[in-house]
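Colleague: I have a structure I would like to understand better, so I am pasting it below and will then ask my questions one at a time.
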């Protein structure tokens with residue numbers, strides 16, 4: 001019998017506790033999806049201390065000590081700089097303890113069971129090529145193509161894969177792209193040298209499709225939603241999430257919005273942390 | 001039944017359409033070696049390229065485009081001079097990048113067939129109406145003559161007779177059929193669309209459900225870009241390898257590639273096609 005499970009990366013920095021986010025994600029995964037969650041982290045002792053009861057497995061990785069500093073926004077007005085240790089996502093293929101894996105970012109709040117359908121798919125690799133911004137005014141250009149004249153954008157936030165030979169090639173390719181990212185930036189006309197998993201996955205999918213439109217990647221089931229780091233998560237109440245979404249042309253002002261039973265990718269990790277701290281999540 | 005490609009090429013002060021036709025012929029010889037191509041032209045074809053063409057046919061009945069810069073006035077003559085029973089007509093600024101055997105099999109089901117849905121270099125169907133307002137706002141068949149097919153039969157003969165009449169009196173026909181977004185010059189696409197509308201055979205010569213035969217249309221405003229530049233070459237990188245595979249923005253091109261901008265053709269590109277197609 002093939003094993004199914006969720007794997008999340010949690011490499012903490014001095015500002016963000018990704019392990020804590022994973023604990024909430026694991027509880028929600030168990031409730032909505034009935035799936036075990038394993039965490040891949042460079043802080044295994046800490047993960048044991050606070051999450052040994054919720055995690056299926058705690059897998060240790062070493063991260064890059066001199067990882068790039070990145071700007072993390074906390075709403076429209078505040079921002080912090082901290083390390084962004086995203087350099088081992090491609091290792092998921094060998095690190096995942098499951099035959100069928102749902103790879104999630106820790107800042108995804110699971111509020112329904114739609115992800116279950118990924119495990120029923122007859123495709124071996126699924127990913128979203130579209131995520132719906134809860135705010136309606138913001139341009140979606142940067143999430144349609146990796147750059148305006150380049151290839152289609154895919155979200156590495158949420159990826160389902162089976163341990164097949166083809167998928168092994170795919171993740172090896174992602175690894176290669178990450179190692180040679182400055183070259184691929186030129187080839188794909190990216191306007192940044194800063195590696196994003198979304199870019200690495202998008203480029204690898206394009207290559208797997210023979211540099212054309214193709215069928216390597218299926219689309220994840222259900223709609224996916226996100227808020228940006230310029231928005232604020234205001235409240236978590238079970239499957240109801242309350243957000244303050246930045247207003248167009250009014251810097252620092254927000255519009256209240258509530259979702260119910262929608263799984264949402266919350267990019268403002270600080271407001272997510274604040275809301276999780278209010279809950280009694282830690283056993 | 002003989003099959004072949006036919007192009008019309010008349011150079012003007014700014015563009016060397018004969019050279020483009022030679023490049024097209026080289027691309028054909030690489031991907032469809034047994035398919036002949038003929039050219040209708042009064043311009044000189046360089047000696048090195050003459051062997052690429054099955055027939056080099058002078059423009060019959062005088063050059064109706066002699067005083068024109070945009071030379072499409074002789075296009076109706078193609079039916080009468082084609083050496084083939086089944087003919088695909090193409091614009092010169094195109095490359096054939098794949099085997100077209102299956103396309104011929106589809107086309108033989110039609111007496112006359114026009115591409116009506118073209119693609120971006122990313123393989124998406126063009127949805128922009130930027131260049132097609134005359135067609136949409138006047139309820140004309142939204143067809144492209146950049147790539148079309150005809151057989152030698154009565155329907156096609158009628159079409160080309162009508163096309164001759166429309167081209168020679170295009171202002172009169174435009175007043176009647178294109179009062180909205182009235183084109184300022186004689187367009188072969190618009191003339192052909194008017195002819196098809198008059199004949200009432202749109203559904204017999206266009207199939208909107210077919211994704212191919214089609215071509216990749218590199219007009220910049222058709223590319224689904226948020227910020228359109230005058231030349232698509234200012235927006236996206238191009239690459240032609242020694243096997244004459246073409247990548248645009250690292251998208252590998254296949255089928256028919258309509259580059260539209262003559263600056264795409266560089267000496268380096270011509271050299272690669274010459275080497276691959278053994279032109280010496």
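The values are calculated or read from the model by the stated rules, or taken from the named source; none is laboratory data. These numbers were taken from a predicted model, which means no experiment stands behind them. Positions of Cβ are generated from backbone atoms using ideal geometry, with glycine treated the same way; all protein chains shown enter the neighbour counts.
Colleague: Picking from A:210, A:214, A:222, which residue would you name as being part of a loop (DSSP other than H, G, I, E, B), within 12 Å of another protein chain (Cβ to nearest Cβ) and within 30 Å of residue A:114 (Cβ to Cβ)?
Modeller: A:214
Colleague: Can you tell me which residue within region A:37-57, out of those that are part of a loop (DSSP other than H, G, I, E, B) and in contact (Cβ under 8 Å) with a residue 60 or more places away in the chain, is surrounded by the fewest Cβ atoms within 10 Å (Cβ to Cβ)?
Modeller: A:53
Colleague: Checking the condition in contact with a strand residue (DSSP E or B) (Cβ under 7 Å, 6 or more places away or on another chain), without any contact (Cβ under 8 Å) to a residue 12 or more places away in the chain and buried (at least 18 other Cβ atoms within 10 Å of the Cβ), which residue from A:145, A:128 passes?
Modeller: The match here is A:145.
Colleague: Here are some conditions: (1) within 14 Å of another protein chain (Cβ to nearest Cβ); (2) modelled with pLDDT under 95. Residue A:205 meets all but one. Which one does it not meet?
Modeller: The failed condition is (2).
Colleague: Being more than 25 Å from residue B:70 (Cβ to Cβ) and not in a loop (DSSP other than H, G, I, E, B) is the filter here, so list the residues in region B:1-27 that pass it.
Modeller: B:3, B:4, B:26
Colleague: To continue, here is another question. Just give me the residues in region A:173-199 being away from chain B (no Cβ under 14 Å), within 18 Å of residue A:145 (Cβ to Cβ) and in a helix (DSSP H, G or I), in sequence order.
Modeller: A:181, A:197, A:198
Colleague: Sort through B:136, B:112, B:157, B:140 and tell me the only one that's under 20 Å from residue B:201 (Cα atoms) and either within 14 Å of chain A (Cβ to nearest Cβ) or touching a strand residue (DSSP E or B) at 6+ places or on another chain (Cβ under 8 Å) (or both).
Modeller: Unique residue meeting the criteria: B:112.
Colleague: Looking at B:88, B:37, B:81 in this structure, which one is modelled with pLDDT of 95 or more and over 16 Å from residue B:152 (Cβ atoms)?
Modeller: When all the criteria are applied, what remains is B:37.
Colleague: What number of residues in region B:41-67 are closer than 20 Å to residue B:170 by Cβ, without any contact (Cβ under 8 Å) to a residue 60 or more places away in the chain and surrounded by 12 or more Cβ atoms within 10 Å (Cβ to Cβ)?
Modeller: So the answer is 4.
Colleague: Still on this model: Considering every residue within region B:98-121, establish whether at least one is free of Cβ contacts under 8 Å to residues at least 40 places away in the same chain, part of a strand (DSSP E or B) and within 16 Å of the chain's Cα centre (by Cα).
Modeller: No - not one qualifying residue is present in region B:98-121.
Colleague: Another question, then. In region A:1-27, what residues are under 28 Å from residue A:124 (Cα atoms) and over 16 Å from the mean Cα position of the chain (by Cα)?
Modeller: Hits for region A:1-27 are A:1, A:2, A:3, A:4, A:27.
Colleague: Of the conditions (1) over 18 Å from residue B:98 (Cα atoms); (2) within 14 Å of the chain's Cα centre (by Cα), residue B:6 clears all except one; give me its number.
Modeller: Residue B:6 satisfies every listed condition except (1).
Colleague: Let me ask something additional. Provide a single number: the residues in region B:222-239 that are in contact with a strand residue (DSSP E or B) (Cβ under 8 Å, 6 or more places away or on another chain) and buried (at least 20 other Cβ atoms within 10 Å of the Cβ).
Modeller: Looking only at that region, the number is 1.
Colleague: Related question: Run down A:169, A:203 and say which single residue is surrounded by 20 or more Cβ atoms within 10 Å (Cβ to Cβ) and either under 28 Å from residue A:96 (Cα atoms) or in contact with a helix residue (DSSP H, G or I) (Cβ under 6 Å, 6 or more places away or on another chain) (or both).
Modeller: Just one listed residue meets the conditions, A:203.
Colleague: Still on this structure: Restricting attention to region A:239-265, and to residues there that are part of a loop (DSSP other than H, G, I, E, B) and in contact (Cβ under 8 Å) with a residue 24 or more places away in the chain, which single residue is nearest to residue A:75 (Cα to Cα)?
Modeller: Ranking the candidates gives A:248 first.
Colleague: Okay, next question. Among the residues of region B:250-264, is any over 21 Å from the mean Cα position of the chain (by Cα) and modelled with pLDDT of 95 or more?
Modeller: Yes, that holds for at least one residue.
Colleague: Also, quick follow-up: Just one of (1) touching a helix residue (DSSP H, G or I) at 6+ places or on another chain (Cβ under 8 Å); (2) under 22 Å from residue B:74 (Cβ atoms) trips up residue B:172, so point out which.
Modeller: So the condition that residue B:172 fails would be (1).
Colleague: Filter region B:61-88 down to the residues that are outside any loop (DSSP other than H, G, I, E, B) and in contact with a helix residue (DSSP H, G or I) (Cβ under 6 Å, 6 or more places away or on another chain), then identify the one that is nearest to residue B:195 (Cα to Cα).
Modeller: Of everything passing the filter in region B:61-88, B:76 is nearest to residue B:195 (Cα to Cα).
Colleague: Out of all the residues in region B:127-156, which are exposed (fewer than 14 other Cβ atoms within 10 Å of the Cβ) and closer than 22 Å to residue B:84 by Cβ?
Modeller: B:153, B:154
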